[in-house]
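One structure is given here, and the rest of the page talks about it.
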Amino acid sequence: MSDFLPPDHSLPPNHFLNLPRPDIVVGAGDGIVDTTTLAAHDFDVDTRTGFMPPDSPISRLPEEWEPWEATLDKAMSMKLQLAVKLGLTEHEIAQSCSWRTDVRNNLPVLSTKGLTTSELLLRRAHHVLTYIMHSYIHTLPLDAEIRIPASISIPLLEVSAHLQLPPVATYSDTVLYNWDLKSPSEETATPALDNLRSQELFTGTNDEQEFYLASSRIEIRGVEALELMRATMDEMFVGDEIAVRRITGYLHKLAAVVDELKSILLDVRKGCEPEFFYHSIRPWFRGEDSDPLERKWAFEGLEEHPEIAQPTDLSGPSAGQSALIHALDIFLGLDNCSTGEEGALSEGQRTLLRRMQIYMPRHHRNFLRHLSANPRPVRSLVMQGDPKLVESYNDAVRAVKEFRDAHFRIVTIYIIGPASRERQARREEEESGSVENRPPLKGTGGTHLAQFLKGVRDKTADAMVTS
């Protein structure tokens, strides 16, 4: 179903951070945003917190949906263990089996009708149901068929249709809408870099929390980047010599902010141990297309609900689903440099980046579409050749390129390195010594890591403008 698009593109894009944030209401029947109660240019981007909500996401659904919350509580309190865990004990296997049996036999198929008037309730429902589903799937024996009980699949598919999100854990479930304040007070009602904690964790460990919070901190610090984009767009509409000087300053400041984002990203190493992440955290949020055994997910109950479509997008959460970095690409023109330029992304790279947007909240997707529709892109002004403006633009591109270098380093440390060591251990253990038929190394969101990340990084560097 198509996303709601702002109907009036004649309004200047500087509206994207200036509008108040009204309550968001979703049409009860079809998931289309009710434009009578939602300002056309509200993209759920807050002036204080950017793509994260300014208030802590609700931590519990109303009583009608308490069975879901209780089921997730039980999974967390039992400390369920991954089926892929080495040395899994009989007691741990029995615990997981007991919890799954309870889900299959005792969890009712609850109506989602009462959720559809509130975006906040729908978000919480998606979070809870996907966490239950991932806990169910990833504790199943490795030789078991993956069949998701109707008590999970039907409400999850209905909620996902209203939110226009895939029925799988996404970046918004693990990061954007999975936080609370460590020390809430009237003075600190909005999230800050040093006052965040996660609401739910599969492992209950600080390593998992720090992995999510690294992204949360990037989102919060990235608010200044969004404000600099807005200020630049304001000046683009003026377009005189003074405006060009101001834009030059804004782009240098943008580069400095992105440099800070890089430092925050690299700081994840201080709180999350790579081997523990790879073996004990990452498997919990794998999607269907990153299952090393390539098992298909069967959603039970669909035969009784012909109005619900069979899911096709089932990747897990990934930092590539953050709208912030996509916004930087679009604003700087890195996503689609004009035809014939050396820096242009390939169609395959653009397709993968667009695929990440499927997993974003729809308001954030619409924000990116609105940003893409800007009739005065900053790169076109830069291409006119003002030396100081070119220098500042290249400084911003350099910062994004170095951010991508850091991202590749983190992926190497947390995924490629441990995966390589795992393969080596298997070669030493298995008589055949061959793993050639295994699926290619994939990232947390199912992308082919090495080729994709290197390609996008290199194209970012190629987008530098020569005076």
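The values are calculated or read from the model by the stated rules, or taken from the named source; none is laboratory data. The model shown is predicted, which means the values in this text are computed figures rather than measured ones. As a convention, Cβ positions derive from the backbone with ideal geometry for all residues, glycine included, and neighbour counts pool all protein chains shown. To get the accessible areas, we keep the full protein, side chains included, count just its heavy atoms, and leave off ligands, DNA and RNA. Shrake-Rupley method; radii C 1.70, N 1.55, O 1.52, S 1.80 Å.
Return the sequence-ordered ³J(HN,Hα) values of the stretch 224-241 in whole Hz as given by the Karplus equation 6.51 cos²θ - 1.76 cosθ + 1.60 applied to θ = phi - 60°, using x for Gly and Pro.
Listing the rounded values in order: 5, 4, 5, 5, 5, 4, 4, 4, 4, 5, 4, 5, 4, 6, 7, x, 8, 4 Hz.
Taking only protein heavy atoms and a 1.4 Å probe, what accessible area per residue, in Å², does the stretch 156-290 have with all protein chains in place?
Result: 36 Å² of accessible area for each residue.
Assign one of three labels to the stretch 84-148, namely rounded, prolate or oblate, based on the Cα gyration tensor with a ≥ b ≥ c the square roots of its eigenvalues; rounded applies when a/c is under 1.5, prolate when it is not and a/b is larger than b/c, and oblate otherwise.
Values: a/c = 2.97, a/b = 2.27, b/c = 1.31.
Note, shape of the stretch 84-148 comes out prolate.
Can you compute the FRET efficiency between D405 and M464 using 1/(1 + (r/R0)^6), with r the Cβ-Cβ distance and R0 = 22 Å? Round to the nearest 0.05.
About 0.90, to the nearest 0.05.
Give me, ordered by chain and number, the residues 5 or more places off W179 or on other chains with an amide H under 5 Å from its own placed amide H.
Those lying under 5 Å, H to H, from W179 are Q199.
Would you please give the residues with an amide H less than 5 Å from that of L196, counting only those at least 5 places away or on a separate chain, with H modeled from the backbone geometry?
Excluding prolines and chain starts, which carry no amide H, the hits are K182.
Could you order peptides 219-227, 314-322 by the average number of other Cβ atoms within 10 Å of their residues, highest first?
The most tightly packed comes first, giving 314-322, 219-227.
Explain nothing, just compute: Karplus ³J(HN,Hα) = 6.51 cos²θ - 1.76 cosθ + 1.60, θ = phi - 60°, for every residue of the stretch 260-269 in order, whole Hz, x for Gly and Pro.
5, 4, 4, 5, 4, 4, 5, 5, 4, 5
When the expected Rg is taken as 2.2 N^0.38 Å, what fraction or multiple of it is the alpha-carbon Rg of the stretch 226-309?
Ratio of Cα Rg to 2.2 N^0.38 Å: 2.00.
Count the net charge of all other residues whose Cβ sits under 11 Å from the Cβ of G114, scoring Lys and Arg as +1 and Asp and Glu as -1. Can you show the working numbers first?
Numbers: positive: K113; negative: E63, E64.
Computed value for this residue: -1.
Hey, what do the phi angles of the stretch 173-184 turn into as Karplus ³J(HN,Hα) couplings, whole Hz, using 6.51/-1.76/1.60 and θ = phi - 60°, x for Gly and Pro?
6, 8, 10, 4, 10, 9, 9, 8, 8, 5, 9, x
So for each of 362-371, 235-244, 387-396, 82-91 I average, over its residues, the number of other beta carbons within 10 Å; can you give me the resulting order with the highest mean first? Can you show the working numbers first?
Values: 362-371: 20.8, 235-244: 14.2, 387-396: 19.3, 82-91: 12.2.
Packing proxy ranking, top to bottom: 362-371, 387-396, 235-244, 82-91.
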